[in-house]
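For reference, the structure is listed below as structure tokens.
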Amino acid sequence: RELYWIRIRDKDGGYVKNGIPRPELCGIYMNAARVKTVRTGLEERLTMEGYESQSSFRLLNRNIHRLEVWVMENGLYEEERQALKEEGRLEEIRDEDGRVRETWARWRETHQFAYHAPSERCYVLDANEGVLTFGGGRHGAIPAPNVPDGIRVRYSVGGGERCNLLAGQINGLEFSAGFINRAANPLALFGGYDRETAKEAMARAGRALGHGFQAVTAQDYISLAME
């Protein structure tokens, strides 16, 4: 029968001291890989109905893990096109003759619009609720209005307590992949926590105002530890 030898190197000499337990091998899982409970490959097309300030769009999913926003901008000046291309934020779709049919620019995420110029391509994302908001023209640009499906959103979702699964709870494939005919998780998936709610955030901020990040009472120590 085939045997597998695993070498464990004690580089720091931590196991030569008396009283320190030796490492214990709990299992060997062939054809295994680390995974994250994240669903990828989601895409939505949005349309800016009019030239409106602070327009928001609610995506079909919440708990956004990563997100990219591409906006169709066929009327770019050559300087703008070159700048976006150098930054890796330009995507051009060409026809059979090699002519540019569609030009897409990738916009950047920001936490607030206050410090952005009117022409800056940026947006604000509420990842917890899945809400995408664009600027108002004074701080942050507005995507071109009335362009059907002129906003393309690519994103992935996942995380939270619902992604903590027991060992063996995954027992199938969502789609076929190569020569893989089944998949399972030999170990439990753990470490996922839901984001705090608005009510929890208000309570946390109230406690922070109370202790001022200096512990005096026992409750202060608890609040700082939870912080």
Matching residues in region 130-163 - criterion: being under 29 Å from R195 (Cα atoms), modelled with pLDDT of 90 or more and not hydrophobic (A, V, I, L, M, F, W, C): G130, T133, G135, H139, G140, R152, R154, Y155, S156
Strands (runs of 3 or more DSSP E) (entirely within region 1-76) containing at least 2 residues that are under 30 Å from G140 (Cβ atoms) and open to solvent by 90 Å² or more (accessible area, probe 1.4 Å): 38-46
In region 199-227, the residues that are open to solvent by less than 100 Å² (accessible area, probe 1.4 Å) and assigned to a loop (DSSP other than H, G, I, E, B): G212, A215, T217, E227
Any chance E196 is part of a helix (DSSP H, G or I) and acidic (D, E): no
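The values are calculated or read from the model by the stated rules, or taken from the named source; none is laboratory data. Treat the numbers as computed from the prediction; the structure is a model and nothing was measured. Reconstructed Cβ throughout: ideal geometry from the backbone, glycine too, with neighbour counts over all protein chains shown. These area figures cover heavy atoms from the full protein model, side chains too; ligands, DNA and RNA do not enter into them. Shrake-Rupley method; radii C 1.70, N 1.55, O 1.52, S 1.80 Å.
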